[in-house]
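Everything on this sheet refers to the single structure shown next.
The values are calculated or read from the model by the stated rules, or taken from the named source; none is laboratory data. Since the structure is predicted, the reported quantities are computational estimates derived from the model, not experimental observations. Note that we place each Cβ from the backbone using ideal geometry, even for glycine, and neighbour counts take in every protein chain shown.
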Amino acid sequence: MPAKVDMDKIVSLCKRRGLIFPSSEIYGGLASCWDYGPMGVELKRNVRDAWWKSIVHERDDVVGLDTSIMMHPGVWAASGHIDSFTDPLVECKSCHLRWRADAIEGQGCPKCGGELTEPRMFNLMFKTSMGPVEEEASTIYLRPETAQGIFVNFDNVITTSRKKLPLGIAQIGKSFRNEITTGNFIFRTREFEHMELEYFVKPGTDEEWLDYWVKERFDWYVKLGVRKENLRLRQHGKDELAHYARDCYDIEYLFPMGWSELEGIANRGDFDLIQHAKYSGRELSYYDAEAGEKYVPYVIEPSAGVDRSVLAFLIDAYDEEEIEGEKRTVLHLHRSLAPVKVAVLPLSRNEKLTPLAKEIFNKLCPSFVTDYDDSQSIGRRYRRQDEIGTPFCVTIDFESLEDKQVTIRERDSLAQIRVPVGELGKILEAKLKGESFDVSPLWATREK
Ligand code: GAP
């Protein structure tokens, strides 16, 4: 089934509505780097928060962590990234473009058909040097995954949190990979954000926990509005497993360029703790008081990309509809992800309407991300809010001055209800929690 929107439309909406801009645009941009604008920063934060809430706050078997991006170089020797975090690279002898050898079909350069060099292994970690003297000893790497910050803190967390296994440690943060081929907007970039959970379990229970986490993570996307038919699971073949993995499932999403990885859930076994114990000389094991035994835990790792999730949520929410002969572009984003929850829109800039509209804005904004907009026609303002996925618009008209009532307009059903100003906060709060939410035909379709 083809995806319903092409990437150009998403890129253009993101630019037009302040979601995502090309990085360093006034200098011509920087390949594969993107900046999140005023709306994008809210959306991205909401994605992070939704993940943190479901992984850390709503569970008592997971704790959080925030480790440094630059780590001791020994970490990457132990983790295998210095030796194995490589892609085969070929270069075109005519146009000198570089390609991932395993991602091209046929013999010649995909751009000009020119002859390609033999593949050579290219390490994807960004190197930099720490300290003022550029010598071998000060070479360090920008982390290519947040996971290693968790493994090297395993002992610190176990001894200070007084928690028992199974125990998860979660982290969200930037990772860097010098990818050979980037593209498809924010799908694959050289700087991106990871949301990773390392879930430590007793060996022998790992397969069960892998199944558990695959289901949990799949359901997370569905709960946040991604249609099931656009998601699927794929188990890695033995020949494609990463050097640390015993088993791995990808949650794939039907992106405009086809089915592609959205998140990976791997069984890393005891690889990382054993390696770090060996390289650091520190014992990394767990004493199970109930069983009276000591062991090196196995690790189940759901690893997702913030940016790639943002992209999937945007694509899945995007719709073009015809309303009374007029086209409207709308993002049917889940209310918890929408950058703006409520827009306060006085019917016009008339000075009589402004005080009540401002009063309503000031009342709502401490509770919800609220936008105030009084420019252009009300129709155009609704369209603007639809394009960024604002679930509710509150309109103040001349009658409002008389009857102290305002109109709530729902993004999906387009239903308009008149409510007393005094009740507005309570009603919006309930609606934003999903309580007595008027399920529109559109949402009914999505939930099938
Ligand atoms: N620690 C395991 C790990 O990093 P991965 O499959 O390489 O596994 C996990 O990455 C997720 O991180 C991917 O499913 C994707 O969502 C995101 N990701 C990886 N590389 C990325 C890139 N270059 N740009 C954007 N997102 C990326």
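A few points about this structure:
- Answer residue from segment 351-410, given it is buried (at least 19 other Cβ atoms within 10 Å of the Cβ) and polar (S, T, N, Q) and is farthest from the chain's Cα centre (by Cα) among those: 400
- Verdict on residue 250 being acidic (Asp, Glu), buried (at least 19 other Cβ atoms within 10 Å of the Cβ) and part of a helix (DSSP H, G or I): no
- Test set (1) surrounded by 14 or more Cβ atoms within 10 Å (Cβ to Cβ); (2) more than 16 Å from the ligand (Cβ to nearest atom) - residue 127 fails condition number: (1)
- Of residues in segment 302-343 being in a strand (DSSP E or B) and more than 21 Å from residue 9 (Cβ to Cβ), the one nearest to the chain's Cα centre (by Cα): 305
Every residue, every condition in (1) in contact with a strand residue (DSSP E or B) (Cβ under 8 Å, 6 or more places away or on another chain); (2) in a helix (DSSP H, G or I); (3) farther than 25 Å from residue 65 by Cβ; (4) more than 10 Å from the ligand (Cβ to nearest atom), yes or no:
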{"site": "200", "(1), (2), (3), (4)": "yes, no, no, yes"}
{"site": "203", "(1), (2), (3), (4)": "yes, no, no, yes"}
{"site": "209", "(1), (2), (3), (4)": "yes, yes, no, yes"}
{"site": "234", "(1), (2), (3), (4)": "yes, no, yes, yes"}
{"site": "244", "(1), (2), (3), (4)": "yes, no, no, no"}
{"site": "259", "(1), (2), (3), (4)": "yes, no, yes, yes"}
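- Residue match in segment 103-124 (condition: within 28 Å of the chain's Cα centre (by Cα), closer than 30 Å to residue 19 by Cα and at pLDDT 95 or above): no
- Test: residue in segment 350-360 that is within 19 Å of residue 39 (Cβ to Cβ) and either not in a helix (DSSP H, G or I) or not charged (D, E, K, R) (or both): no
- Of the residues making up segment 189-211, at least one is small (Gly, Ala, Ser) and closer than 30 Å to residue 288 by Cβ.
- Members of segment 84-134 found to be assigned to a loop (DSSP other than H, G, I, E, B), of a type outside the set (A, V, I, L, M, F, W, C) and in contact with a helix residue (DSSP H, G or I) (Cβ under 8 Å, 6 or more places away or on another chain), listed by number: 119, 131
- Where a residue in segment 30-57 is without any contact (Cβ under 8 Å) to a residue 60 or more places away in the chain and its partner, wherever it lies, is part of a helix (DSSP H, G or I) and basic (Lys, Arg), with Cβ under 6 Å and at least six apart: 36/44
- For segment 382-437, the set of residues classified as in contact with a Gly (Cβ under 9 Å, 6 or more places away or on another chain) and not hydrophobic (A, V, I, L, M, F, W, C) consists of 404, 411, listed by residue number.
- Qualifying positions in segment 370-425 - among the acidic types (Asp, Glu) and under 19 Å from residue 355 (Cβ atoms): 371, 373, 374, 397, 399, 402, 403
- Any hit, segment 145-157, residues being without any contact (Cβ under 8 Å) to a residue 12 or more places away in the chain and more than 14 Å from the ligand (Cβ to nearest atom): yes
- Taken over segment 411-421, residues that are more than 29 Å from the chain's Cα centre (by Cα) and surrounded by fewer than 17 Cβ atoms within 10 Å (Cβ to Cβ) amount to 6.
- The one condition in (1) of a type in the set (A, V, I, L, M, F, W, C); (2) within 10 Å of the ligand (Cβ to nearest atom); (3) surrounded by 20 or more Cβ atoms within 10 Å (Cβ to Cβ) that residue 176 fails to fulfil: (3)
- Among the numbered conditions (1) away from the ligand (no atom under 16 Å from the Cβ); (2) surrounded by 13 or more Cβ atoms within 10 Å (Cβ to Cβ), the only one that residue 106 does not meet is (2).
- Only one entry of 216, 263, 229 meets the criterion of being closer than 20 Å to residue 150 by Cβ and either assigned to a loop (DSSP other than H, G, I, E, B) or away from the ligand (no atom under 13 Å from the Cβ) (or both), and that entry is 216.
- Some residue of segment 304-316 being of a type in the set (Gly, Ala, Ser) and either within 19 Å of residue 18 (Cβ to Cβ) or surrounded by fewer than 23 Cβ atoms within 10 Å (Cβ to Cβ) (or both): no
- Restricting attention to segment 271-301, the residues that are in contact with a Ser or Thr (Cβ under 9 Å, 6 or more places away or on another chain), closer than 21 Å to residue 208 by Cβ, away from the ligand (no atom under 14 Å from the Cβ) and outside any strand (DSSP E or B) add up to 3.
- The set of residues from segment 359-375 being among the hydrophobic types (A, V, I, L, M, F, W, C) and without any contact (Cβ under 8 Å) to a residue 40 or more places away in the chain comprises 361, 365.
- Taken together, 205, 182 contain a single residue that is surrounded by fewer than 20 Cβ atoms within 10 Å (Cβ to Cβ) and touching a Lys or Arg at 6+ places or on another chain (Cβ under 7 Å), which is 182.
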